Amino acid sequence: MMKNLKLITLLIALFMLYVQCEQESIDSKNSESIILNEEILGDKTDILNTVNESILAKNYQNRDAVEFVYTGQLCGLNITGMYVDATAYQSLHHYFFNGNEGDIISIYVPRTTIGFDSAFTLYFGTIDTELLYVASSDDVIADTFGGCFSDPYIGDFTLPYSGTYTLVIHEAAHCGYPMGYEIITTGINCNDADFDGCLNEEDPYPNSIMTETIIIDGIDTGVENKFKNCGTMADEIQDIINQINDQYTGDNYYILHKKLSSEVSKLTYYWYKDRKITSKERTTIGNAIWKSNIPYSIRS
Ligand SMILES: [Ca+2]
Ligand SMILES: [Ca+2]
């Protein structure tokens, strides 16, 4: 009995020793690979940061005033692209899409040729205005060619703002030419042009004027531009302006200007009755209409 107990104790001790050794070996393997990844990712992070700063400064490789152009729009269809020259940041490809705050999207940019270490950065804003960094990705999904590094992907990403986004496709640390890629997205479409939440086909004003206040021919009335049923008050005024402009022949300005004033007055009367605006605001809109140079100034 005593002998058996000793044997069991010995076996347990041996087993404990074995587990401990195995654990150490796993730990050392993990730490080795972590160090390796950190070395690579450390270098690539620097590259990506430089690209990011260059884009935000709109100054690639310290060359000022680089012409930014859009390569295309993302509408939910897969897009393929090819780099001509990856040695210059000028070759970065810019795409845009419209999205609403809260939209859940995914973006995957697999390489279509072995040498392209594709990466992307997502910004809110357009290349003509201001860009705000939103997200980026580089090495997430292994490529099907067994090429260098991996391909970028973000999934279940919630858009933080409503408006236009710019996706910049670039390379991180490429390993040869040619450099082809494909853009595969979910959650992005072009069915809501003014991104007011109403699909184009159901939107009586698919390109709603979404300004904070009602602006008439450059005159800011300061009156809140309220939104209802997919359209804004500015949309309704613009409808009248468009009709007036359509009737302009070049020599009926005063007749049409008066007509505009009376049509808008009818509209604002309904708004006033519906308590959308005060009588003072109604007067302000009327004054702006009278001061405007309409017909003629056509809002495209
Ligand atoms: Ca819409
Ligand atoms: Ca609309």
Being away from ligand 2 (no atom under 16 Å from the Cβ) and closer than 17 Å to Glu263 by Cβ is the filter; apply it to the stretch 240-249 and report the residue that is surrounded by the fewest Cβ atoms within 10 Å (Cβ to Cβ).
-> Asp246
Among (1) open to solvent by less than 50 Å² (accessible area, probe 1.4 Å); (2) of a type in the set (Gly, Ala, Ser); (3) farther than 28 Å from Asn200 by Cα, which single condition is Ser279 missing?
-> (1)
Hey, Gly146 hits all of (1) open to solvent by 50 Å² or more (accessible area, probe 1.4 Å); (2) small (Gly, Ala, Ser); (3) within 14 Å of ligand 1 (Cβ to nearest atom) but one; which does it fall short on?
-> (3)
Condition set within 14 Å of the chain's Cα centre (by Cα) and open to solvent by 60 Å² or more (accessible area, probe 1.4 Å), scope the stretch 163-200, selection farthest from ligand 2 (Cβ to nearest atom): answer is Thr186
Top-ranked residue in the stretch 47-85 [being at pLDDT 85 or above and among the polar types (S, T, N, Q); ranked as farthest from the chain's Cα centre (by Cα)] = Thr80
Within the stretch 231-239, is even one residue open to solvent by 30 Å² or more (accessible area, probe 1.4 Å) and within 31 Å of the chain's Cα centre (by Cα)?
-> yes
Of the listed residues (Glu101, Glu171, Glu182, Glu130), the one being free of Cβ contacts under 8 Å to residues at least 12 places away in the same chain and assigned by TED's automatic domain parsing to the domain that holds Ser54 is Glu130
Given (1) touching a Cys at 6+ places or on another chain (Cβ under 8 Å); (2) open to solvent by less than 50 Å² (accessible area, probe 1.4 Å); (3) within 16 Å of ligand 2 (Cβ to nearest atom), where does Ile209 come up short, assuming only one miss?
-> (1)
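The values are calculated or read from the model by the stated rules, or taken from the named source; none is laboratory data. Not measured: the values here are computed from a predicted model. So basically every Cβ, Gly included, is an ideal-geometry build from the backbone, and we count neighbours across all protein chains shown. These accessible areas exclude ligands, DNA and RNA; they are computed on the full protein's heavy atoms, side chains included. Shrake-Rupley method; radii C 1.70, N 1.55, O 1.52, S 1.80 Å.
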